[in-house]
Amino acid sequence: MNQQGSYQISTIASNIEKELERLRAQVDLFWDKELKHYKEYGLKDGMSVVEIGSGPGFLTEKILENFSSIQITSVEIDPLLVDYAKSYLTQKNHTRFEITQGSIMETGLPENSFDFALVRLLLEHLTDPIDAVREVLRILKPGGKAVFVDNDFEMHIITYPQILQLRELYDAYCKARYAEGGNPRIGRELPMLLKKGGFSKIDLEIICAHSEILGEGIFFKSEGIGIPTKLVQDGFLSSKALGEISIEWRNMIKSKEHSLVRQLYMAVGEKPL
Ligand SMILES: C[S@@+](CC[C@H](N)C(=O)[O-])C[C@H]1O[C@@H](n2cnc3c(N)ncnc32)[C@H](O)[C@@H]1O
């Protein structure tokens, strides 16, 4: 089984540096809303937190900055990103973290160890998300909470004025991720997955970022051209279609009134006592 599923930083986009920038912007884009929900779900100082699929460490950084006595254990499968996150967080003088290389399918962490688990933008890339959910349940303490954040590419960025051709881009993205064993429309399935995985007190929120509130610069950084370019290179999207989308995108940006909106799905569950 390919445990890395449909996300590998070296192949998902045409340029690693740009992909890192995109991941950072994607954390910034939703951070205020996510933090509000993490707190509402019980995240607080003094907790032991596990974050799985921590990537370059941008979410880890936000947690460390916002909670002065949380200790985080991060698990990331890609050695390149483990090294990147370690040096990035160390340069920022953070100490309350530990990052290990491993898979969410078998973290090797002891059971009943953590108060809170964060799994952001990982389940959608896995062939067997249910086994991942069960592993998270295993390492949580009874009464501990887990939050799984994912996309559902039925809705990605929507714009005003509407760009009809974006549907073609999202369909191409979905085909590419399905071909690699991921599930880019997993958002709607999250409550069922958590239930099957053994969680109780399950809830789901769809959080939203809007350019009128956040400015459009952050949206541009969180999209980029790296993934669409790779979709063309890999034959999932025609260069003609990408050209048309680029023209419509420019027209949308040029129009006097325009907006960009994007959503993420946040599912929470508790490990039964
Ligand atoms: C889209 S990135 C999200 C990174 C980070 N969570 C964020 O929100 O910015 C998905 C991350 O999950 C990692 N990953 C993929 N398969 C994994 C697995 N089986 N176990 C742990 N991490 C995995 C990837 O290497 C990548 O860093």
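Observations on the model:
- Any hit, segment 234-242, residues being in a loop (DSSP other than H, G, I, E, B), surrounded by 13 or more Cβ atoms within 10 Å (Cβ to Cβ) and without any contact (Cβ under 8 Å) to a residue 24 or more places away in the chain: yes
- Search result, residues across segment 120-159 that are more than 12 Å from the ligand (Cβ to nearest atom) and aliphatic (A, V, I, L, M): 130, 133, 137, 139, 140, 146, 155, 157, 158
- Residue ID - most open to solvent (accessible area, probe 1.4 Å), chosen from residues in segment 8-25 that are within 9 Å of the ligand (Cβ to nearest atom) and over 23 Å from residue 63 (Cα atoms): 8
- Test: residue in segment 91-106 that is hydrophobic (A, V, I, L, M, F, W, C) and away from the ligand (no atom under 15 Å from the Cβ): no
- Taken together, the criteria exclude residue 28 from residues that are farther than 24 Å from residue 263 by Cα and acidic (Asp, Glu).
- Test for residue 71: is it within 12 Å of the ligand (Cβ to nearest atom) and open to solvent by 40 Å² or more (accessible area, probe 1.4 Å): no
- In the set (1) open to solvent by less than 10 Å² (accessible area, probe 1.4 Å); (2) out of contact with any Lys or Arg (no Cβ under 7 Å at 6 or more places or on another chain), the condition left unmet by residue 135 is number (1).
The values are calculated or read from the model by the stated rules, or taken from the named source; none is laboratory data. Nothing here was measured: the structure is a model prediction, and the numbers come from that model. Methodologically, a virtual Cβ is constructed for each residue, glycine included, from the backbone with ideal geometry; neighbour enumeration extends over all protein chains shown. All accessible areas refer to the heavy atoms of the entire protein, side chains included, with ligands and DNA or RNA removed. Shrake-Rupley method; radii C 1.70, N 1.55, O 1.52, S 1.80 Å.
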